[in-house]
Every structure is written in structure tokens, then in C-alpha cells.
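The values are calculated or read from the model by the stated rules, or taken from the named source; none is laboratory data. Model, not experiment: these values are computed from the prediction. Glycine also receives a Cβ, built like all others from the backbone with ideal geometry; neighbour counts cover every protein chain displayed. Areas reflect the complete protein model, heavy atoms only, side chains present, ligands, DNA and RNA absent. Shrake-Rupley method; radii C 1.70, N 1.55, O 1.52, S 1.80 Å.
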Amino acid sequence: MSAQQPPRQNRPPLNRPLVISTWKHGLAANDAAWKVLSGGGRALDAVEQGVRVSESDPQVSSVGYGGLPDRDGDVTLDACIMDERGDCGSVAFLQHIKNPISVARRVMEKTPHVMLVGEGAYEFAIEQGFTKEDLLTDKAKAAWKKWREKNEKQLKPEINIENHDTIGLVAVDKKGNLSGACTTSGLAWKRHGRVGDSPIIGAGLYVDNAVGAAAATGMGEAVIRAVGSFLVVELMRQGNSPDDACRLATERVIEKNRNWRELQVGFIAIDKQGRFGGYCIQPGFDYAVYDGQDGNRMLTPDSKVAK
Ligand code: SD4
């Protein structure tokens, strides 16, 4: 028997379209994604339009413009996108481009590659008509200066504070097609050149149109060790609900990371029917859900560490 989907009799009614995304700024991203989805648009367009809102918002301090810089004061961005056909594109360690998700989409659509990094990703973006911009806002620069004065050597981010705000957003459209996007400036004060989970297909994001889609947020190194988002989707393929799949994948992250008590990881997931869920290690993570039944709202998932 194929392990592609849970048995037909167990399938709930369809809840489509649907979009969910990480953290509070997910509400605004969902709004933009919903405009595309409610008009009958493609999930791929919805996820790109959604996360572009967070990337362009200088108040969101871990994504795109306004993101906190690395320890040298440079804003370096990671992003990836994946569609219902399993096509995907990614950029990592990209500087000076405000909307890395759209560069990732161009990598997917205009090149034979999946991932471009650093200077090569930047040159590709310029070639594609993106403009060079200074992404370090005065606010982010001031925070960086303060961090340097306070503790130049310490790189341990404060849980839910200095390492949050990555946006992972996954959607299913009216036709039942799934897509996802993930974009971040990564851990604040990271070493120059560090790449996290967010641009890595399978770690920060994974989509399988036969099953579901998942995205991760939190300490990227911990997510990569467990290939977190791929694992969530595989657990749904085995019949687990999105909530259970996120919980079981978080348990795996815990198994693979001895220092799990000191870090945050959170997952969100949807399945093809439009069920959704999330789970995290530490309390403090929440996610935004937009569907036709209840509109756009924040939900708090269960966590390993009690609230
Ligand atoms: C990273 N996963 O670069 C990202 C950070 C993050 O919410 O998710 N913050 O490790």
C-alpha cells in the first residue's frame, strides 16, 4: 500500500485555501497571501507576496530590510521557496537586496540551480534587475553598537528575542496545491558568513504536494541537525496530524541537540486537506493562521518546556 496519504475515511473536510506563518508579523504576511489565495491565485504567488511584506518592513528585526546584522555589522540574508511541483530556489549569505525571497524564486525559475550564495547570489540579483540597497537601518545599527559594547565575545542569542522573527509561511490554494517560503536575516550577531536553516530545503522549509508543507524557526543549527521541515512532512506522510508531526520533529531536534534547553526551535505545518498545527521547545513562539472559517488570528502551540 502506498504511504502517500492517510486512509480516505480519516480525512477531514477540506479547509482551503489556507495560509499559516511564524510569529506575529505573520498576520500582515498572511493578509497579503490571502489576497492572492482568495482570488483563486496560486499558492506560490501567495507565499512570495506574503513574506515580501515582512522583508520590506523595517520594524521586523530578523527579516530583510531592518534585520539585525552579523557581528561585523553586515546584514546578510537567507531565503528559500518551494512549489507544488517540488521545484525550489534558494539564496544564502546575500547582501544589499531587500527581497531575497524574490531572488530565490528567480533562482528556481531562471537557472538550472537550487541555491546561490554570497557574491554570486548578489550578482545574479543585479543581473535580474534587483537594486542594491543599504539594509542596515539606524535602529539595527544602534542595537548592534550596543551589543558590541556590552559583550563583544558572547554570541548566544536570547531565546525568543534576538533569534526570532524569521518568517516561514506555507499555504494551500483553492486547487489544493501547496507552496512555502522562508526568509530571514538569521541569528543576530552571527559570525560573518554563517548560514542557518532557513535557506536550506528540508531544514527551514519543505513542501510535498502529495502530503503537506512545513517551516521552521529558531536556532538554525539545531534544525539542520534534524533536517526538521522535511521530517515534519514525512511524519505527516505517515499519518500524523500537523500538530503531532511538529511535536515529533521537535522531539527529534531535542534528541539531536544536547543543549536544547538553552535554545528555541518551533515548527509550523499544514496538510493538503487544510489542517494545520505547530509545536516548539520553549513557550513564547506563536503563529498566524488565515482561513475562510475564522479569518486571520494568532495561535499559541504547545511547547516541550511548560509555560
Ligand atoms: C536562523 N532559523 O538563521 C533562523 C533564525 C530564526 O526566528 O528562525 N529566527 O537560524
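Quick notes
- Helix-only mean residue ellipticity at 222 nm for the chain, each DSSP H run of n ≥ 4 adding -39500 (n - 2.57), per residue, nearest 500: -9500 deg cm²/dmol
- Separation of the H192 and Q59 label points, Cα + 7 Å toward Cβ, nm: 3.3 nm
- Separation in nanometres of the label points that stand 7 Å from Cα toward Cβ, at D72 and E221: 1.9 nm
- Net length gained if the chain between R148 and V114 were fully extended (0.36 nm per residue, minus Cα distance): 8.7 nm
- The apolar share of the surface of the range 43-293, taken as the fraction of accessible area on carbon and sulfur atoms (1.4 Å probe, ligands and nucleic acids excluded), comes to 45 percent.
- Accessible area (Å², 1.4 Å probe, nearest 10) - E48: 20 Å²
- Anchor K304: lysines whose Cα lies under 17 Å away (excluding residues fewer than 8 positions away in-chain): K256
- Surface per residue (accessible, 1.4 Å probe) for the chain, Å²: 41 Å²
- Note on the chain: Rg/Rh from C-alpha atoms, Kirkwood Rh, equals 0.96.
- When you filter the trypsin sites (Lys or Arg not before Pro) in the range 218-288 for DSSP loop state and at most 11 other Cβ atoms inside 10 Å of their Cβ, you are left with R258.
- Applying 0.36 nm per residue to the separation of D294 and D87 and subtracting their alpha-carbon distance, the gain on full extension is 71.4 nm.
- Scalar couplings 3J(HN,Hα) for the range 283-288, obtained by applying the Karplus form with A = 6.51, B = -1.76, C = 1.60 to θ = phi - 60°, are x, x, 8, 9, 9, 9 Hz; x denotes Gly and Pro.
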